[in-house]
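The values are calculated or read from the model by the stated rules, or taken from the named source; none is laboratory data. All figures in this text were calculated on a predicted structure; none of them were measured in a lab. Note that each Cβ is placed from the backbone with ideal geometry, even for glycine, and that neighbours are counted across all protein chains shown. We work out accessible area using only protein heavy atoms, side chains counted, and drop any ligands, DNA or RNA first. Shrake-Rupley method; radii C 1.70, N 1.55, O 1.52, S 1.80 Å.
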Amino acid sequence: MAILGKIRKRGVTLIIIIGLGLFAFIAEEAFRSCEATSNEKRQQVGEVLGQKISVQEFQELVDEYQEVIKMTQGRDNFTDEELNQLKDQVWNTYVQNALVADEAEKLGLTVTDAELQNVIKEGSNPMLMQTPFVNQQTGRFDASMLTKFLADYKNIGTQNPQVAEQYNTIYKYWKYIEKTMRQQILAMKYQSLIAHSLITNSISAKMAFEAENNESDIQLAALPYSGVKDTDVKVSDADLKAKYEEKKEMFRQFAETRDIKYVDFQVVASDADRKELLKTMTDAQAALEKGDAPAEVVRKAQSQIAYTGIAVTKNALPYDIKNRIDSMSVGETTKPFETASDNTLNVVKLISKASLPDSVECRQLFVAGATADETAKRADSIYNAIKGGADIEALAKKYGQDATKRWITSSMYENSPSIDADTKALIEAFNTSAVGEVKNLSVSQGNIILVVTDRKAMKDKYVVAIVKHSIDFSKTTYSAAYNKFSQFVSENQTIDGLEKNAAKYGFKVLERADMSSAEHYVAGVRATRDAMKWVFDAEKGQISPLYECGNNDHLLVVAVTNIHKEGYRKLEDVKDMLKAEVIKDKKFELLKSKLAGAKSIADAKAKGAQELTVSQVTFAAPVFVQATGASEPALSGAVAATKAGQMCSHVVKGNGGAYMLKVIKSQARQGAKYDEKVYTQKLNQQALQAAGRFMNELYMNAGVKDKRYLFF
């Protein structure tokens, strides 16, 4: 009871303490929740129809597509530009599939497993021809090969890790093909549904024929807008506002863009840098001419291209070397020459030239023993047996090997950056052995018995020593350029300052309008992701810090001059465009009033119009008027509505001027025959093309947000 009494005395205090504790607990959980939401938002690479995709999910799609490209094209790696294109393709495909899937769900459209299996059995889908399941004899996709592969894949287990890995790679590729085909079929269903809602009938087919084949010859009176000075036209704010409201839908944008001004300075080698490099190249030239070991000369000069000593085709040589190699004689060494396209100095020595096979078919058997003597004796025994007529395949099986025939082509080795001595000896044996010749090659790990069974596609091959070196700037040169650029940036922290003082430092301010976050580079300079993030986080008028970018050879500063938010562009942003339209409207009204009272082409000519004749005018194609230098669809419509022998009832407003016209004669094009079936097919094809543009409409209403620039 005493304890209860003490508790009651301190009841209010306890309530406050408990309340504060509960508040702290709730606040902590709320903070954690907000932090988790914030972290999740920071990891979002984009959004479509309210569905967010994280950077991890997008990267998985990119990795999947990379593996597909590697498998189908035999690629191992990609350039930065290729990776950017690949990521764009993945993003565009993701967005398109999301849009179609959403519409299909609303309509109840699906692709059943049975439908997919029918497509696979039919084997005509182009994607199936990109799989390993194409019968080489028929040249067609073979569903039975796929069935066998899938059965083998289930039973492969872990018996042979290398084989299991190959099967797993092919299986993943097949699942990608299967998924993509399902998405394609669904998109085709949706597009077909839209296309079939655009009805074609015999009346529209007949009209299409007449639009193409009914020709008119006309007399035209033209008053070009250029005949009225812009200063003679007054444009008010009310005019601009009215035109803005009229054209407003033209100014709607679906993603934020930004206008920037920037200074991009590329650091290049100084005269001193070039002089030092030229000495290195001249020394290399002298060493090659003297007969020093090419590999050592190339290594000492730090050439971008290592010397392998292997004879290669011209296709394996750099472009600038390939273009001059045939004009060189064996043993000749060039003087240092510059290649502007890759910014290099070069010295080349043609060591040898020979006609050698581009493809060699051969059998190989590797021989190894416990000691070097045992290896040599065993290799000699096998070599002599094969020379005496023994079957190399039978001998190979005895040693647990496979000596089946294999084709070796130049492309398999000639682009390798380095080749070891064993590989070099083997390649030289491929190239120089006659058909049927047997060779016993000693290599570091044993011996190789080689039998050449066929040779074809003889080509000129060259052994070339190439010293290729970038004309690089020195650290001293870069440091001087950096200090100068840094001073310029620090002293000019306003846009006006940048523009006013750039020339003093030898720089130039450039500008770029409507930069989108979907772009990969700022100002077309590589490695500018940090600058891109800054641009889309900065406020109007801000100046960026100095960025070192490109291939560590560019210095960049950026200023944001305007921000165009998602939605309708402001009147001020499109004022120049609107003013041009208003001026054209007012000029037309002036020219129209000038033609008032004119009843004929002669009357119009008397009022200053240019008279000309235009032949073979059709409704299906716009008229080009030489006098105004403009294409005029409005004239085609006016001609179609005017009977032969009559004047058009009104002055026609064109893109380049005001016009009066008279139709001299109208007739069907000579030899034109109406075929309802042909024109119905044409209109159906046009409907299908129109339906194909459905994606633009879906995209506009999907709230697509592309934030890839934050991560890639």
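Remarks
- Anisotropy class of region 253-364 from Cα gyration tensor, a/c 1.5 cut: oblate
- Summarising the amide proton neighbourhood of MET328: residues at separation of 5 or more, or on other chains, whose placed amide H is nearer than 5 Å comprise an empty set.
- Amide H contacts of GLU632: VAL623, PHE624, VAL625, each under 5 Å away and 5 or more positions distant or on a separate chain (H built 1.01 Å from N in the peptide plane; Pro and chain starts excluded).
- Cα shape, region 298-343, gyration tensor, a/c 1.5 rule: rounded
- For the chain, with all protein chains in place and a probe radius of 1.4 Å, 51% of the accessible heavy-atom surface sits on carbon or sulfur.
- Within the full protein context, the accessible area of MET250 is estimated at about 120 Å² for a probe radius of 1.4 Å.
- Region 300-445: radius of gyration and largest Cα-Cα distance (Dmax), Å: 19.6, 58
- TYR674 long-range amide H proximity, modeled H, under 5 Å: none
- Percentage relative contact order, region 371-462, counting C-alpha pairs under 8 Å, at least six apart: 30 percent
- Charge dipole (debye, nearest 20) of the chain; +1 at Cβ of Lys and Arg, -1 at Cβ of Asp and Glu: 1280 debye
- Residue order for MET700, MET515 - accessible surface, 1.4 angstrom probe, largest first: MET700, MET515
- Placing unit charges on the Cβ atoms of the charged side chains and taking the dipole of the chain about its Cα centre, the candidate lying farthest along the positive direction among GLN401, PRO126, ALA151 is PRO126.
- For region 310-325, 3J(HN,Hα) computed residue by residue from phi via the Karplus equation (6.51, -1.76, 1.60; θ = phi - 60°) reads 8, 6, 10, 6, 4, 4, 8, 8, x, 4, 5, 6, 4, 6, 10, 5 Hz, glycine and proline entered as x.
- Of the whole protein surface, TRP407 contributes about 90 Å² of accessible area at a 1.4 Å probe radius.
- Each Cα pair under 8 Å and six or more residues apart adds its separation to the average, and for the chain the resulting relative contact order is 23 percent.
- Here the Karplus curve 6.51 cos²θ - 1.76 cosθ + 1.60, taken at θ = phi - 60°, turns the phi angles of region 201-217 into couplings of 9, 5, 5, 5, 5, 5, 5, 5, 4, 5, 4, 7, 10, 7, 10, 10, 9 Hz, with x standing for Gly and Pro.
- A straight line joining the Cα centroids of region 436-478 and region 517-540 runs 43 Å.
- Calculated diffusion of region 152-235, Stokes-Einstein form, Kirkwood radius summed over Cα pairs, 25 °C and 0.890 mPa s, µm²/s: 118 µm²/s
- Surface accessible to a 1.4 Å probe, THR339 within the full protein complex, Å²: 20 Å²
- Positive-pole candidate from LEU590, LEU193, GLN219, dipole of the chain, charges at beta carbon: LEU590
- Dipole check for region 300-440: with +1 at the C-beta of Lys and Arg, -1 at the C-beta of Asp and Glu, and the Cα centre as origin, the magnitude is about 120 Debye.
- Three-way shape label, region 150-307, alpha-carbon gyration tensor, a/c 1.5: oblate
- In order along region 542-553, the phi-based Karplus estimate (6.51 cos²θ - 1.76 cosθ + 1.60, θ = phi - 60°) of 3J(HN,Hα) comes to 6, 10, 6, x, 6, 10, 9, 8, x, 8, 6, 10 Hz; Gly and Pro are listed as x.
- Here the contact order of region 396-551, divided by its residue count and restricted to Cα pairs under 8 Å and six or more residues apart, works out to 12 percent.
- A cut-off under 12 angstrom between Cβ atoms defines the neighbours of VAL614, and their net charge, with Lys, Arg +1 and Asp, Glu -1, is -3.
- Radius 14 Å from Cβ of ALA295, net charge of other residues (Lys, Arg +1; Asp, Glu -1): +1
- Rounded FRET efficiency, nearest 0.05, which uses the C-beta distance separating LYS322 from ALA434 and R0 of 25 Å: 0.30
- Extension gain for GLU572 to SER226 (0.36 nm times residue separation, less C-alpha to C-alpha distance): 122.0 nm.
- Rounded accessible area per residue of the chain, 1.4 Å, Å²: 58 Å²
- Annotation for region 477-558: GluC sites (Glu not before Pro) lying in DSSP loop with at most 11 further Cβ atoms inside 10 Å of their Cβ are GLU539.
- Each Lys and Arg adds +1 at its Cβ and each Asp and Glu adds -1 at its Cβ; summed about the Cα centre, region 489-536 shows a dipole of about 180 debye.
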